[in-house]
Every structure is written in structure tokens, then in C-alpha cells.
């Protein structure tokens, strides 16, 4: 039973040792341990605050990036629309210019054709007149080779001539 119930001397010496150790710890180790614990607590608080601040900054940066991305998309869409409008306008202008040029070329071709037609008609008229004169001259020479046919021709012209 001695092991279960310690004697009073043992309890006294154990209490004395414990109190001495407690006194030494309080005198020499308690303040540095509290300072270290407070320093660690301050460090953890500062780290938590820095992490919260970093999280807030990341959220702000993310929001700002989303905003910039939305603005960039809007600007891209605007630029693409302007480019598409410009290309459509250029195509329309090119079509109009092609139509004008084609119409001008057609008018010029018509004018050239008309000029060539008139020149050809004048040339044909000249050739017909020349041929007619040559044929008439040959006929008249053949028909008027003697005096009797010349007199008959003159008489025929006089008869056809009606004087009022």
C-alpha cells in the first residue's frame, strides 16, 4: 500500500520541488515565453491581415481585369464594326465607280460606233455616187455616140421639162 498512498515527507518534498521549479520558471522563463507567444500571436495576426489584404487586392485586380477585358472586347467589337462598315463602303464605292466607268465606256463605244457608221455611210454614198457617175457616163457614151441619139435624148429632156 505504500505505493498507493505516499508518505507526507514525499508529498512535502515533491511540493517543495514543484514550487521551486515554478518559482524559477516564473522568475526566468515566464517573461521570455510570454514575449515569444505574444510575438508569435502578433506575427500570426499580421500574416492574417496581410493575407486578407492580398485576397482583397486579388479580388480588386480580378474585377479590374474583368472590366478591362470587357472594355477591350467592346473596343474590339467597335473596331471590327468600323472595319466592316469601311469595307462595305469601299465595295459600294468600287461598284458605283465600276458602273460609272462601264457606262462611260459604253457611251464612248456608242459614239465611236456612230462615228464609224456615219463615216462608213458617207464612204458608201461617195462610192455609190462615183459608181453611178461612172455607170451613167459609160451609158451616156454608149447611147450618145452618134448625133441622132444625142438629139433624141435632148428632145426627151425637153418634153419632160414642163414649163409653166
- Item | residue 98 being more than 37 Å from the chain's Cα centre (by Cα) and either in a helix (DSSP H, G or I) or without any contact (Cβ under 8 Å) to a residue 40 or more places away in the chain (or both) | no
- Query: Scanning for something at pLDDT below 95 and in contact with a helix residue (DSSP H, G or I) (Cβ under 9 Å, 6 or more places away or on another chain), does segment 133-141 turn up at least one residue?
  - Reply: yes
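The values are calculated or read from the model by the stated rules, or taken from the named source; none is laboratory data. Computed from a predicted model, the values in this text were never measured in an experiment. Heads up, the Cβs are rebuilt from the backbone with ideal geometry, glycines too, and the neighbour counts pull from every protein chain shown.
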